[in-house]
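Single-structure report; data block below.
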Amino acid sequence: MSSVLEAKKRDGFQRSSKTQLRAQGNFPAVVYGKGVEAESVFVNEGDFYKVIKEVGRNGVISLNMDGKKHNVVLHDYQQDPIKNYIVHADFFAVDLSSEITSAVRVDLEGEAPGSKEGGVVQQPLFEVSVTAKVSEFPENITIDISNLNIGDSLSVGDVRGNYSFTINHEDDEMIVSVLTPRVEEAAEEESNAEAPVAEDDKKSEAE
């Protein structure tokens, strides 16, 4: 079930009114997409954060726009780089049975046995592009690394079959691996490196 977020049309609001909206705890936004003509609105920032916490970054929101509800997803938003308040947001109206494509976070779960033996867990892929039905879109994907020993790895092809949605990456693209420790090797190489010859020694050799 989607959470409801109230939105009010910004009819008559000028660019200079953003300060007024901010003072009232609101921020400007735009709604567009399936069955909706582009509409400028404003929403309450506190309510926005509450709804996003409930449904997740990619979840479906029931946007109540002057009494008419639209199923939307948060397409994009901008935050003030200093004070972190929401400057503007884009809501995209969707059909729950249709598919959308977006990036989702990749989380690692468990502790790799290889890391207990000194191996280094490396994660080259922190997010993946996913295509799924709006009503089934994941907030993130979780990769279990509890069976990875030193030298083991997991690629997209290794985990693709665990999910009902489409991961838009090549099978050989690496997600996570446990690398062989190089600390001792690096220390040995450093100790074997030739020490620089002092200037006085060079003169003695020349004589």
Out of everything in segment 149-178 that is farther than 14 Å from residue 106 by Cα and β-branched (Val, Ile, Thr), what residue ends up being surrounded by the most Cβ atoms within 10 Å (Cβ to Cβ)?
178
Failed condition for residue 126, given (1) modelled with pLDDT of 95 or more; (2) hydrophobic (A, V, I, L, M, F, W, C); (3) in the same structural domain as residue 9 (by TED's automatic domain parsing):
(3)
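If you scan segment 28-40, which residues turn out to be in a strand (DSSP E or B) and touching a residue at least 40 places away in the same chain (Cβ under 8 Å)? I'd like the intermediate steps shown before the answer.
Taking segment 28-40 first, the residues in a strand (DSSP E or B) are 28-33, 36-40.
The answer is 28, 29, 30, 31, 32, 33, 36.
Consider segment 16-39. How many of its residues are within 17 Å of residue 66 (Cα to Cα) and touching a Pro at 6+ places or on another chain (Cβ under 7 Å)? Don't jump to the end; show me each part of the working.
Here is the first cut: in segment 16-39, the ones within 17 Å of residue 66 (Cα to Cα) are 26-32, 35-39.
Now drop any that are not touching a Pro at 6+ places or on another chain (Cβ under 7 Å), which leaves none.
Qualifying residue count for the region: 0.
Residue by residue, here is whether (1) at pLDDT 95 or above; (2) over 23 Å from residue 103 (Cβ atoms) holds:
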site	(1), (2)
15	no, yes
24	no, yes
34	no, no
40	no, yes
48	yes, no
59	no, no
71	no, no
74	no, no
When you scan segment 75-91, how many residues do you find that are more than 15 Å from residue 22 (Cα to Cα) and either among the small types (Gly, Ala, Ser) or buried (at least 16 other Cβ atoms within 10 Å of the Cβ) (or both)?
4
Index of the failed condition, residue 45 passing every other in (1) acidic (Asp, Glu); (2) surrounded by 16 or more Cβ atoms within 10 Å (Cβ to Cβ); (3) within 18 Å of the chain's Cα centre (by Cα)
(3)
State which residue pairs qualify: first residue within 17 Å of residue 101 (Cβ to Cβ) and in the same structural domain as residue 107 (by TED's automatic domain parsing) and inside segment 156-176, second residue loosely packed, with under 13 Cβ neighbours inside 10 Å and not aromatic (Phe, Trp, Tyr) in any location, beta carbons under 6 Å apart, and separation of 6 or more residues or different chains.
156/171; 168/129
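One residue is enough: does segment 58-74 have a residue meeting the conditions in a helix (DSSP H, G or I), surrounded by 14 or more Cβ atoms within 10 Å (Cβ to Cβ) and not assigned by TED's automatic domain parsing to the domain that holds residue 156? Walk me through how you get there before you give the answer.
First, pick out the residues of segment 58-74 that are in a helix (DSSP H, G or I): none.
So far as segment 58-74 goes, no, none of its residues is in a helix (DSSP H, G or I), surrounded by 14 or more Cβ atoms within 10 Å (Cβ to Cβ) and not assigned by TED's automatic domain parsing to the domain that holds residue 156.
Which one of these is of a type in the set (S, T, N, Q), surrounded by fewer than 15 Cβ atoms within 10 Å (Cβ to Cβ) and either touching a Cys at 6+ places or on another chain (Cβ under 8 Å) or at pLDDT 95 or above (or both): 146, 135? Show your work before the answer.
Values: 135 fails: either touching a Cys at 6+ places or on another chain (Cβ under 8 Å) or at pLDDT 95 or above (or both).
Unique residue meeting the criteria: 146.
The values are calculated or read from the model by the stated rules, or taken from the named source; none is laboratory data. Here the structure is a predicted model, which is why all the values come from computation and not from measurement. Positions of Cβ are generated from backbone atoms using ideal geometry, with glycine treated the same way; all protein chains shown enter the neighbour counts.
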